[in-house]
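Novice: Before I ask anything, let me first share the structure, which is written out below as structure tokens.
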Amino acid sequence: MISKEAMDYQAGDIVQAEVRSGRYVAELMELNGPRALVKVLAVLAHPEQGDLHQPYNPDVAMFHERRALSYTEKTTVLIRDLQPYAGEVPNYTESLRAAVTSSIQSLDRLNRWTAKALESIRQLEKEYKL
């Protein structure tokens with residue numbers, strides 16, 4: 001039985017696909033039950049690093065390094081993780097560069113927040129006379 005979600009898509013459609021914490025522009029190659037085979041065309045968001053079950057914890061047994069999927073790499077995704085993509089498909093290399101830069105900027109912002117929060121809590125520690 002074909003799901004309602006699957007009826008909304010057909011081979012050749014350009015979609016946005018969520019894959020292991022990354023987000024991609026991809027071409028839908030085929031539908032197979034609850035899954036779809038897609039071919040990566042561009043990177044919208046680089047996959048997150050580390051343990052997804054313990055986000056922002058560097059002290060985990062295995063800190064996962066996740067690479068972005070390659071240009072034209074094929075992967076299967078759940079149909080529910082697809083969305084239509086409107087607009088021009090970005091160049092893969094440029095989109096990867098932008099996704100990596102955005103990821104670095106987010107981590108830098110988190111580093112600066114951590115430093116500011118630590119400074120504040122240290123000041124409160126003094127005020128509490130602990």
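Novice: Which is crowded, with 16+ Cβ neighbours inside 10 Å and either touching a helix residue (DSSP H, G or I) at 6+ places or on another chain (Cβ under 6 Å) or of a type in the set (Asp, Glu) (or both), of 30, 48, 65, 88? Quick ask: steps written out before the conclusion?
Specialist: Working: 30 fails: crowded, with 16+ Cβ neighbours inside 10 Å; 65 fails: crowded, with 16+ Cβ neighbours inside 10 Å; 88 fails: crowded, with 16+ Cβ neighbours inside 10 Å.
Unique residue meeting the criteria: 48.
Here is a yes/no grid of residues against (1) over 19 Å from residue 30 (Cβ atoms); (2) surrounded by 12 or more Cβ atoms within 10 Å (Cβ to Cβ):
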position: 54; (1), (2): yes, yes
position: 59; (1), (2): yes, no
position: 72; (1), (2): no, no
position: 76; (1), (2): no, yes
position: 80; (1), (2): no, yes
position: 84; (1), (2): no, no
position: 96; (1), (2): yes, yes
position: 99; (1), (2): yes, yes
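Novice: Mind checking which pairs have a first residue in the range 39-62 that is of a type in the set (A, V, I, L, M, F, W, C) and a second that is at pLDDT below 95, Cβ under 6 Å, 6 or more apart or different chains?
Specialist: If the second residue must be at pLDDT below 95, the pairs left are 60/51; 60/54.
Novice: Going residue by residue through the range 64-71, is there one that turns out to be farther than 16 Å from residue 23 by Cβ and either in contact with a strand residue (DSSP E or B) (Cβ under 6 Å, 6 or more places away or on another chain) or among the aliphatic types (A, V, I, L, M) (or both)? Break it down into steps so the answer makes sense when it comes.
Specialist: Initially, the range 64-71 is screened for residues farther than 16 Å from residue 23 by Cβ, giving 64-65.
Within this subset, residues satisfying the condition of being either in contact with a strand residue (DSSP E or B) (Cβ under 6 Å, 6 or more places away or on another chain) or among the aliphatic types (A, V, I, L, M) (or both) are none.
No, because not a single residue in the range 64-71 is farther than 16 Å from residue 23 by Cβ and either in contact with a strand residue (DSSP E or B) (Cβ under 6 Å, 6 or more places away or on another chain) or among the aliphatic types (A, V, I, L, M) (or both).
The values are calculated or read from the model by the stated rules, or taken from the named source; none is laboratory data. Owing to the predicted nature of the structure, the values given are computational and were not obtained by experimental measurement. Please note: Cβ atoms are built from the backbone with ideal geometry, for glycine as well, and neighbour counts cover all protein chains shown.
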